[in-house]
1. Between residues in region 68-81 that are under 12 Å from Ser32 (Cα atoms) and residues that are of a type in the set (D, E, K, R) and buried (at least 17 other Cβ atoms within 10 Å of the Cβ), which pairs lie under 7 Å by C-beta distance while being six or more apart or on different chains?
2. Wholly within region 94-203, which helices (runs of 4 or more DSSP H) include no fewer than the required count, namely at least 1 residues that are over 16 Å from Tyr44 (Cα atoms)?
3. Just a yes or no: is a residue in region 165-188 within 19 Å of the chain's Cα centre (by Cα), at pLDDT 90 or above and among the β-branched types (Val, Ile, Thr)?
4. From the set of residues in region 69-93 that are part of a helix (DSSP H, G or I) and in contact with a Phe, Trp or Tyr (Cβ under 8 Å, 6 or more places away or on another chain), which is farthest from Trp49 (Cα to Cα)?
5. Can you tell me how many residues in region 68-87 are of a type in the set (Ser, Thr, Tyr) and either in contact with a Pro (Cβ under 8 Å, 6 or more places away or on another chain) or surrounded by 14 or more Cβ atoms within 10 Å (Cβ to Cβ) (or both)?
6. For region 107-129, name all the residues that are under 20 Å from Leu55 (Cα atoms) and buried (at least 19 other Cβ atoms within 10 Å of the Cβ).
7. Restricting to region 25-36, give me the number of residues that are of a type outside the set (Gly, Ala, Ser), surrounded by fewer than 17 Cβ atoms within 10 Å (Cβ to Cβ) and either in contact with a helix residue (DSSP H, G or I) (Cβ under 7 Å, 6 or more places away or on another chain) or not in a loop (DSSP other than H, G, I, E, B) (or both).
Amino acid sequence: MNYPDFNPASPNTPLSDAELQQLDELLASLPSEAAMNIEGMDGYLTGLWLLPGVLERLGTAGWLPLVWGGDGDEAAPFPSQRQRKNTTVLVLRHLQSLACQWRDDAEHWEPIFSVAEQGEREWVDARDWCTGFLQATDLAAEAWEPLWDDPEIGPLLVPIALLGGEGQDDGEAADLDDPEVLDSLSRSVPDAVLALLARRGGR
């Protein structure tokens, strides 16, 4: 399957809220249990972009199909090639909008997390986002390994590992049943991204 390469010089046309919802609903409708939701996709694209050269080395065909759980025969898992093409365009547009915001206005970047409202309190859940992020790091494990061990970056990545299901022991993972712990860990995730941006030179 031939896919267009990601072009950092392409026009920046961020997805509207309606387009994000449309993409989320489309991914949820696909007959693939491995398809990401919009939160997982946002984390996945973030993880791919944060290390220079990863997108180019993998090539679009090496990373894009994982968004919908992989390609099958003909147009599968999509009902048509047109829908696959339209989805490809939406994902690449979202990646470009992320890259442009990190370059031009990183301080106002907000990841796509699940947020539940209870009275005046908002509870943040970044588990799907972090799962997607970790899928990206798996595609470039050797390049990410020094960052996990880095004395500055490594501790900031711990909440992402815990929320993405890679906690070091069952005791840490069980803490996610506590909404306070889940909310606190989730709110710390952007700190890791901003630190990685600074390391990348994207701010």
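1. Phe78/Arg84
2. 141-148, 153-163, 170-174, 179-200
3. No: zero hits.
4. At the first step, the residues of region 69-93 found to be part of a helix (DSSP H, G or I) are 81-93.
Subsequent filtering for residues that are in contact with a Phe, Trp or Tyr (Cβ under 8 Å, 6 or more places away or on another chain) retains 84, 87-88, 92.
On the way: Arg84: 22, Thr87: 19, Thr88: 17, Leu92: 12 Å.
Ranking the candidates gives Arg84 first.
5. Filtering region 68-87 down to residues of a type in the set (Ser, Thr, Tyr) leaves 80, 87.
Applying the additional criterion that residues be either in contact with a Pro (Cβ under 8 Å, 6 or more places away or on another chain) or surrounded by 14 or more Cβ atoms within 10 Å (Cβ to Cβ) (or both) yields 87.
So the count comes out to 1.
6. Applying the first criterion (under 20 Å from Leu55 (Cα atoms)) to region 107-129 yields 111, 129.
Scanning region 107-129 gives a single hit, Trp129.
7. Kept after step one, since they are of a type outside the set (Gly, Ala, Ser), are these residues of region 25-36: 25-27, 30-31, 33, 36.
Still in the running and surrounded by fewer than 17 Cβ atoms within 10 Å (Cβ to Cβ): 25, 31, 33.
So of that shortlist, the ones also either in contact with a helix residue (DSSP H, G or I) (Cβ under 7 Å, 6 or more places away or on another chain) or not in a loop (DSSP other than H, G, I, E, B) (or both) come out as 25.
Residues meeting the conditions: 1.
The rows are residues; the columns are (1) surrounded by 16 or more Cβ atoms within 10 Å (Cβ to Cβ); (2) among the aliphatic types (A, V, I, L, M); (3) closer than 19 Å to Met36 by Cβ.
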{"position": "Asp105", "(1), (2), (3)": "no, no, no"}
{"position": "Thr131", "(1), (2), (3)": "yes, no, yes"}
{"position": "Glu142", "(1), (2), (3)": "no, no, no"}
{"position": "Pro146", "(1), (2), (3)": "no, no, no"}
{"position": "Leu157", "(1), (2), (3)": "yes, yes, no"}
{"position": "Leu196", "(1), (2), (3)": "yes, yes, no"}
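The values are calculated or read from the model by the stated rules, or taken from the named source; none is laboratory data. Fair warning: this is a prediction, and the values are worked out from it, not measured in the lab. Cβ sites come from the backbone with ideal geometry, for glycine too, and all protein chains shown count toward neighbours.
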